[in-house]
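A short write-up of the structure that comes next.
Taken together, the values in this text are just the output of simple stated rules run on the coordinates, not laboratory data. What you see is a predicted model, and the numbers here were worked out from it, not measured in a lab. With ideal geometry, Cβ positions are generated from the backbone for all residues, glycine too; neighbour counts draw on all protein chains shown.
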Amino acid sequence: MKEMVEKLLKGELIGQTIHVPSKKLNGKIINETKHTFEIITTKNQRKKITKSQQLIFTINNKKIAVEGKLLQLKPEERIKLKIK
């Protein structure tokens, strides 16, 4: 499981399926900045969400819960991140 989280944190997030429990949103990430994700919801609405909340990613039919604070880096800095 740790390998999947590391792969998620270091990988490209645009195009990933995401669920935001606090806002009851589901969708795909279409853009990423240091502090926000822009997603397109299942109702074809664009929403901006902050990375300061719990986020659930679905990869290969597995759900991975991640605290958004771990993702609060520029995408190019996050990819270079060394995780212990």
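Residue-wise HN-Hα couplings along the range 55-65, as the Karplus relation 6.51 cos²θ - 1.76 cosθ + 1.60 with θ = phi - 60° gives them from phi, are 10, 10, 9, 10, 10, 6, 6, 10, 9, 10, 8 Hz; Gly and Pro carry x.
Any chance you could run the full-extension gain for Ile59 through His35? It's 0.36 nm times the residue separation minus the Cα-Cα distance, nm to one decimal.
6.4 nm
Contact order, relative form, for the range 2-80: 27 percent (alpha carbon pairs under 8 Å, 6 or more residues apart, mean separation divided by residue count).
Note on Thr17 and Lys69: their simple-model spin labels are 2.9 nm apart, each label 7 Å out from Cα toward Cβ. For the listed residue pairs Lys23/Lys82; Lys7/Lys69; Lys23/Lys43; Lys47/Lys80; Lys43/Lys80, the alpha carbons are over 25 angstrom apart in Lys23/Lys82; Lys47/Lys80; Lys43/Lys80. Treating r as the C-beta distance of Thr50 and Met4 and R0 as 30 Å, the FRET efficiency rounds to 0.80.
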